[in-house]
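The values are calculated or read from the model by the stated rules, or taken from the named source; none is laboratory data. Predicted, not measured: the structure shown is a model, and the values here were computed from it. No Cβ is skipped: glycine too gets one built from the backbone with ideal geometry, and neighbour counts run over all protein chains shown. Accessible surface is based on the protein model in full, side chains and every heavy atom, while ligands, DNA and RNA are left aside. Shrake-Rupley method; radii C 1.70, N 1.55, O 1.52, S 1.80 Å.
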Amino acid sequence: MDSLEEYQPHITQELIDRGHARRMGHLENYFAVLRRQNMYSNFTVYGELNKPTSKRQLRLALRLLLLKYPILSHTIVPKKYPEHEAYYLSQEYLSKPFPQHDFIKVISHLELDDVILNNQSEYKEVTGKVSEQFKKDNFKVTSSLIELITPIIVPICDPERPNWRLICLPSRDTSAGEAWTNFVYVSNHCGSDGISGTNFFQDLTALLSTIEEKGFDFEEEIVDNNVIIDYNEDHNEISKFPIPITDRIDYRPSLASLPKFFLKNIISEYCEFRTSNELTVTSRYTSSPNANASFNHLLHFSANDTQQIRSEIKRKVHAGCTITPFIQACFFVALYRHDKVFTKSFLEYGFDVALPSSTRKFLPEDEELRDTYKYGSNVGGSHYTYLISSFDVPEGDANKFWRLVEYYHDCFLKSYDNGDHLIGLGTLQLDFIVQNKNVDDMIASSYLDHQRGGAIISNTGFFKQDTTKPYYARDLIFSQSAGALRFAFGLNVCSTNVGGMNMDMSVVQGTLRNRGEWESFCDVFYHAIGEFASLGCDTAVAGLV
């Protein structure tokens, strides 16, 4: 059993007593495993504000945000720092269980330059390319920009920097000096998820609005420097870490549900769509500069078109049906119509899809408590296999399509009732696993050096903007890397009432023959959305970016 002494002087009893240090929960440790085993790079949320914010405003807004939500200012304290990276990949570590997870703590001193990626020397080259691409694309986020950012690695155990960063994109108007309208929130998924990333821009714009409305004098003392957090000075103002969400919500499945779960996994290995190209084999990010590389395509629908899609769903299915099963059905139909993915072999009868979801909804009905989990890696999700033959929906057969949408919606709801939305991550949290197995080794063996299959579809939801406020988000785009998670396709969705709905689609290189074939599929997918939502093909094609 690990002792506290192993983590000293970085972790002290005083920090623990103040609520500013604790051990990671099981779910937090899962995402730490993905990064320390080099199996995941990042997810991002691109935020466009309605007007520029200055460096001084940004620093103050971040300070207020991090004081209230200290998970945003945490770092992971590993074993054997600073030789931890080699240790976690060694047989010395991987050969035995570690039932107690490592600690997280509030960073002692955090400045604005510790957050802004542009100002960090090790990222100068990539952020320079990102800025040039943004300007080249007429100051718009495109798939080319996303592909530049996807490989960026944010270390998880940096004692001076958090597990997320901001890229400040250049402004068209340079007369305002050091001020920005466009940002990229980049996270390694530790202590953060897609909802956290979108919440970041919701809170940032709200705080910037408050600063503008009340002025800089609404705090008694504002020091005009780069410091966001100075722990020695600020510890009384910093909120406590919430306890891990896995201590409030039990992810662990019943033993009776495990045979079905393991049988499904065995069948999926042999009877589902799998890639066959050597390029698509999952790997660590240290093995190749092109490891887990993808083609991306950014799809956009205006606010009016998004509302039309939602209205059509409610009219054709029912008022409670959401947009995610509609997107899933369009995606499946497009895969079948494109006719470039499936081999139609005897054993290829299924296609699996994972639908991540937020587990915050299962917290107690306490608004103050739920607010403390606004940030964090608080996710679950269903993972089902569907018959490829069911994706065959001829043009004009709208009834069959809408029956699919309703079926997918019902499957998602049932996953909450039967526990399927937690079983994938919950199995790794079972006592007999945690006590007797090295979880890093289990996950790495399951994920690495395998061909890919299926898709992960992540919808962070609809985020309403108050356009009467001084600041609001004009547009939000959610994206994430494929990593070694064994999915061939990714689809990430985020919507606002101002910018409409954005979908970042990705395919691991080698799944299709080339980028042209991928873009052809995206066109088929867009036409499917236009067909079934009654948008018209012209609207769909116009959304390709």
*Take the Cβ-Cβ distance between E237 and K414 as r, set R0 to 51 Å, and report the resulting FRET efficiency rounded to the nearest 0.05.*
0.70
*Evaluated at q = 0.08, 0.18, 0.20 Å⁻¹: base-10 log I(q)/I(0), Debye formula over Cα of region 1-155*: -0.32, -1.28, -1.42
*Peptide ranges 334-343, 392-401, 102-111 listed from the most packed, as the mean C-beta count within 10 angstrom indicates*: 102-111, 334-343, 392-401
*Could you grab the relative contact order for the chain? Cα pairs under 8 Å, six or more apart, rounded to a whole percent.*
23
*Step through the table entries K105/K361; K55/K105; K414/K464; K361/K414, compare each Cα-Cα distance with 21 Å, and write down the pairs that go over it.*
K105/K361; K55/K105; K414/K464
*asked:* Could you order the peptides 311-321, 68-78 from most to least packed, using the average number of other C-beta atoms within 10 Å per residue?
replied: 68-78, 311-321
_Keeping every protein chain present and rolling a 1.4 Å probe, give me the accessible area per residue for the chain in Å²._
42
_Evaluated over region 297-351, the Cα radius of gyration and Dmax, each in Å_ = 14.7, 44
*Which net charge results when you count Lys and Arg as +1 and Asp and Glu as -1 among the other residues whose beta-carbon is under 14 Å from that of P52?*
+1
*Å³ per residue enclosed by the Cα convex hull of region 253-355*: 206
*Just the Cα atoms of region 118-178, one point each, no solvent: what log10 I(q)/I(0) does Debye give at q = 0.19, 0.20, 0.23, 0.24 Å⁻¹?*
-0.77, -0.84, -1.02, -1.07
*Antiparallel DSSP beta bridges within the chain, percent to nearest 5*: 85
*asked:* For the chain, what are Rg and Dmax over the alpha carbons, in angstrom?
replied: 23.0, 72
*asked:* Only four residue types carry charge here, +1 at the Cβ of Lys and Arg and -1 at the Cβ of Asp and Glu. Report the dipole size of region 159-265 about the Cα centre in Debye, rounded to the nearest 20.
replied: 1300
*Report Rg (one decimal) and Dmax (nearest whole number) for region 372-490, counting Cα atoms only, units Å.*
19.0, 56
*State the Kirkwood hydrodynamic radius of region 99-216 in Å, one decimal place, computed from all pairs of distinct Cα atoms.*
16.0
*Can you give the net charge of the other residues whose Cβ lies under 14 Å from the Cβ of P325, counting K and R as +1 and D and E as -1?*
+2
_I'd like the projected area of region 414-545, averaged over all directions, using the convex hull of its alpha carbons. Report it in nm² with one decimal._
12.4
*Where does the chain land at 222 nm, in deg cm²/dmol rounded to the nearest 500, when only DSSP H runs of n ≥ 4 count, each adding -39500 (n - 2.57), divided by all residues?*
-11000 deg cm²/dmol
*How high is the relative contact order of region 420-525, in percent, with contacts defined as C-alpha pairs under 8 Å that are six or more residues apart?*
22
*Select from G128, N138, N163 the residue farthest towards the positive end of the dipole of the chain; place +1 on Cβ of Lys and Arg, -1 on Cβ of Asp and Glu, and compute about the Cα centre.*
N138
*asked:* Could you compute the net charge surrounding D230? Neighbours are other residues with a C-beta less than 11 Å from the C-beta of D230; K and R count +1, D and E count -1.
replied: -3
*Please sort 408-419, 499-510 by packing, taking for each peptide the average over its residues of neighbouring beta carbons within 10 angstrom, highest first.*
499-510, 408-419
*asked:* Tell me which of F346, F326, I313 sits at the most positive position along the dipole axis of region 307-349, charges placed on C-beta atoms (Lys, Arg +1; Asp, Glu -1).
replied: I313
*Based on the alpha-carbon gyration tensor of region 234-283, what equivalent-ellipsoid semi-axes (square roots of 5 times the eigenvalues) come out, in whole Å, largest first?*
40, 23, 5
